[in-house]
Amino acid sequence: MTIAKLRRCVKIACRSLNFASRLMTSSNAAGSSPTNGGLGKTDKVCQLTQEEWRHRLTPEQFEVTRNSSTERPFSSHLCNFDEEGTYSCVCCGSILFSSKSKFHSGCGWPAFSEAFNEGNIEKRPDYSHNMMRTEVVCKTCHAHLGHVFDDGPKPSGVRYCINGVAMNFIPKQQSTADKKA
């Protein structure tokens with residue numbers, strides 16, 4: 001078997017596993033849960049059609065989060081953004097990262113050394129572009145966020161390279177006010 005055929009077989013197997021995983025995730029009960037940061041979002045968000053996502057998101061947000069594209073490097077205002085707060089999924093609002101784990105990697109995309117809550121993200125093998133990478137998606141709505149690499153700062157050694165257009169920033173004072181409400 002050639003390497004190209006082997007890659008195709010692995011890719012097909014991964015797609016099947018991802019599909020099965022999505023079926024199991026979408027059958028969860030609706031309502032506030034630990035996986036979405038307790039924001040009271042429901043699984044209805046996960047069940048939107050591509051057309052509904054297209055109307056809800058900007059064209060760039062749709063292309064990146066629903067079609068697994070990548071924004072141009074250094075195009076996001078969040079790349080060199082240093083305010084305190086949290087970063088949530090632009091599609092469903094799940095809390096993904098904290099400014100406490102954000103660092104300047106120079107890669108052209110916002111970078112984080114750890115997730116806010118590992119239960120809010122899912123890591124999947126990504127064999128696109130003839131490379132083996134690890135894709136990061138929102139566990140609640142399956143939005144493509146970016147990739148994770150093992151070249152980050154200590155102690156984690158991890159670099160989450162995330163598309164800025166896939167996230168909303170929630171300032172610290174707003175995050176605190178939301179928790180009190």
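The values are calculated or read from the model by the stated rules, or taken from the named source; none is laboratory data. Because the structure is predicted, anything quoted here is derived from the model rather than measured. Using ideal geometry, Cβ is built from the backbone for each residue, glycine included, and neighbour counts are taken over all protein chains shown.
Any residue at all in region 26-33 that's modelled with pLDDT under 50, assigned to a helix (DSSP H, G or I) and not β-branched (V, I, T)? Yes, some residue in region 26-33 is modelled with pLDDT under 50, assigned to a helix (DSSP H, G or I) and not β-branched (V, I, T).
On the stretch given as region 69-94, residues that are surrounded by fewer than 21 Cβ atoms within 10 Å (Cβ to Cβ), in contact with a helix residue (DSSP H, G or I) (Cβ under 9 Å, 6 or more places away or on another chain) and of a type in the set (A, V, I, L, M, F, W, C) total 3.
Among the residues of region 97-139, those identified as touching a Leu at 6+ places or on another chain (Cβ under 7 Å) and either in contact (Cβ under 8 Å) with a residue 40 or more places away in the chain or part of a loop (DSSP other than H, G, I, E, B) (or both) are P110, A115, F116, N120, C138. Residue count for region 128-138 under the criterion of being at pLDDT 95 or above and either of a type in the set (S, T, Y) or under 8 Å from the mean Cα position of the chain (by Cα) (or both): the result is 4. For region 105-125, filtering for residues that are under 12 Å from C161 (Cβ atoms) and out of contact with any Ser or Thr (no Cβ under 6 Å at 6 or more places or on another chain) leaves 6. Scanning region 107-166 for residues that are of a type in the set (A, V, I, L, M, F, W, C) and surrounded by fewer than 16 Cβ atoms within 10 Å (Cβ to Cβ) returns C107, M131, M132. Scan region 71-81 and tell me whether some residue there is at pLDDT 95 or above and within 14 Å of the chain's Cα centre (by Cα). Within region 71-81 (the criterion being at pLDDT 95 or above and within 14 Å of the chain's Cα centre (by Cα)), the answer is yes, since at least one residue qualifies. With respect to the conditions (1) at pLDDT 95 or above; (2) among the hydrophobic types (A, V, I, L, M, F, W, C); (3) outside any helix (DSSP H, G or I), L39 falls short on a single one, namely (1). Here S128, S156, S105 are screened, and the one residue that is in contact with a strand residue (DSSP E or B) (Cβ under 6 Å, 6 or more places away or on another chain) and among the polar types (S, T, N, Q) is S105.
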